[in-house]
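One structure follows; several queries about it will come next.
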Amino acid sequence: MTAFLCTENLCRHFGGITATDCVCIEFDKNGLRSIIGPNGAGKTTFINIITGRIPASSGKVFFQGAEITNRPTHELVKMGICRTFQITSIFHNLTVFENVRIAKQVRAGGSLRFFAHRQSLKKVIGETWTILERLGLRDLADQPAKNLAYGDQRVLEVAIALAGDPEVLFLDEPTAGMSPAETKHISELIKGLSQEISVILVEHDMDLVMSISDRITVLHYGSIIAEGRPAEIKANQLVREAYLGKGA
Ligand SMILES: Nc1ncnc2c1ncn2[C@@H]1O[C@H](COP(=O)(O)OP(=O)(O)OP(=O)(O)O)[C@@H](O)[C@H]1O
Ligand SMILES: [Mg+2]
């Protein structure tokens, strides 16, 4: 059977550094896959290649049977492959509503002429409210994004990504810098989303990863060193050594 999303011998070099080293991975249609690994393991690079931010040096990416290697990001978003960034990337002076509405407009086809069609505008506005409601941001809709608490800004990033109607959503360290309460809130949102779409989570918070992931892939020096259910990864000696050094 064709994998929903997969890579074949994916590689990326930066000068003498191999950031992604012959990675073969398969993702399921729904569910929550976490990608973990020590700093510099190649997690962000891997996401950057799949989502079209940087080209692969070699290897291939397939989505629903079609090869999508090195396609531009806007094409991938149209196909349903969306992401958030490790560093917050919202429009700070726009309101929460405008941030999501603009992302929706871009998804819907994006030109200013688009707004000549009242029905289309109505639809975009309705869908924007649905996303804000879903992520608990409705009451903050009129706030400039810069006024939001840090945790809410990161939730807004997820809202912007959801405006792309993703089938696959990559989240790069969504809880970085969050308080425990904010982390709990966003982890529940992420788990909920993974019931409907494929969520691929890069995350350093091991308690979180172990509690919400369906499967975990571990990268080390750009290669996969382990893959399995949380309990299997917890018990894996290679994984312990990668994080804590030999003899762990
Ligand atoms: N643009 C670049 N130019 C040169 N080297 C890079 C570049 N991007 C990443 N690297 C190198 O590639 C390797 C993998 O980096 P990457 O950012 O993918 O790791 P990561 O697993 O996301 O790390 P972290 O957990 O710290 O976010 C590192 O050695 C990094 O220094
Ligand atoms: Mg990273």
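Do you know which of the residues in segment 203-222 that are polar (S, T, N, Q) and surrounded by 16 or more Cβ atoms within 10 Å (Cβ to Cβ) is nearest to Glu188 (Cα to Cα)?
Per the criteria, the residue is Ser213.
Would you pick out the residues in segment 154-165 that are surrounded by 17 or more Cβ atoms within 10 Å (Cβ to Cβ) and either more than 18 Å from the chain's Cα centre (by Cα) or under 17 Å from Arg101 (Cβ atoms) (or both)? Reasoning before the result, please.
Taking segment 154-165 first, the residues surrounded by 17 or more Cβ atoms within 10 Å (Cβ to Cβ) are 154-164.
Result: Val155, Leu156, Glu157, Val158, Ala159, Ile160, Ala161, Leu162, Ala163, Gly164.
In addition: Just one of Ile225, Ile233, Ile200 is out of contact with any Cys (no Cβ under 8 Å at 6 or more places or on another chain), surrounded by fewer than 18 Cβ atoms within 10 Å (Cβ to Cβ) and under 20 Å from Phe27 (Cα atoms); which is it?
Ile225
List the helices (runs of 4 or more DSSP H) that sit entirely inside segment 167-248 and contain at least 1 residues that are within 14 Å of Ile36 (Cα to Cα).
Numbers: elements: 180-193, 206-212, 230-234, 237-244.
Result: 206-212, 230-234, 237-244.
Continuing with this model, one more query. At least 2 residues that are more than 16 Å from ligand 2 (Cβ to nearest atom) and in contact with a Pro (Cβ under 7 Å, 6 or more places away or on another chain) in each: list the strands (runs of 3 or more DSSP E) lying fully within segment 29-114 that qualify.
Filter on segment 29-114 gives 81-83.
Across segment 57-92, which residue is farthest from Ile190 (Cα to Cα) among those that are more than 14 Å from ligand 1 (Cβ to nearest atom) and among the aliphatic types (A, V, I, L, M)? Explain how you work it out, then say what you get.
Of the residues in segment 57-92, the ones more than 14 Å from ligand 1 (Cβ to nearest atom) are 58-82, 88-92.
Then drop every residue that is not among the aliphatic types (A, V, I, L, M), which leaves 61, 66, 68, 76-77, 79, 81, 90.
Details: Val61: 24, Ala66: 27, Ile68: 25, Leu76: 21, Val77: 19, Met79: 21, Ile81: 16, Ile90: 19 Å.
The selected residue is Ala66.
Kindly establish whether Ala141 is more than 16 Å from ligand 2 (Cβ to nearest atom), hydrophobic (A, V, I, L, M, F, W, C) and exposed (fewer than 14 other Cβ atoms within 10 Å of the Cβ).
For Ala141, the condition - more than 16 Å from ligand 2 (Cβ to nearest atom), hydrophobic (A, V, I, L, M, F, W, C) and exposed (fewer than 14 other Cβ atoms within 10 Å of the Cβ) - is not met.
Let me ask another. Condition first: closer than 20 Å to Leu169 by Cβ, among the aliphatic types (A, V, I, L, M), surrounded by 14 or more Cβ atoms within 10 Å (Cβ to Cβ) and more than 16 Å from ligand 1 (Cβ to nearest atom). Can you find one or more residues in segment 36-56 that meet it?
For segment 36-56, residues closer than 20 Å to Leu169 by Cβ, among the aliphatic types (A, V, I, L, M), surrounded by 14 or more Cβ atoms within 10 Å (Cβ to Cβ) and more than 16 Å from ligand 1 (Cβ to nearest atom): absent.
Related question: Could you grab me the full set of residues in segment 8-28 that are part of a strand (DSSP E or B) and of a type in the set (Gly, Ala, Ser)?
Scanning segment 8-28 gives a single hit, Ala19.
Taking Ile102, is it within 29 Å of Ser187 (Cβ to Cβ), among the aliphatic types (A, V, I, L, M) and over 18 Å from the mean Cα position of the chain (by Cα)?
Spelling it out, Ile102 is indeed within 29 Å of Ser187 (Cβ to Cβ), among the aliphatic types (A, V, I, L, M) and over 18 Å from the mean Cα position of the chain (by Cα).
Quick one: what pairs do we get from segment 114-140, first residue under 17 Å from Asp152 (Cβ atoms) and modelled with pLDDT under 95, second of a type in the set (Gly, Ala, Ser) and surrounded by fewer than 16 Cβ atoms within 10 Å (Cβ to Cβ), C-beta under 9 Å, 6+ apart or different chains?
Arg134/Gly192
Going through Glu196, Glu167 one at a time, which residue ends up being closer than 30 Å to Cys6 by Cβ and out of contact with any helix residue (DSSP H, G or I) (no Cβ under 9 Å at 6 or more places or on another chain)?
Glu196
The values are calculated or read from the model by the stated rules, or taken from the named source; none is laboratory data. Please read these numbers as outputs of a predicted model, since none were measured by experiment. Ideal geometry is used to build each Cβ from the backbone, glycine not excepted, and the neighbour counts take in all protein chains shown.
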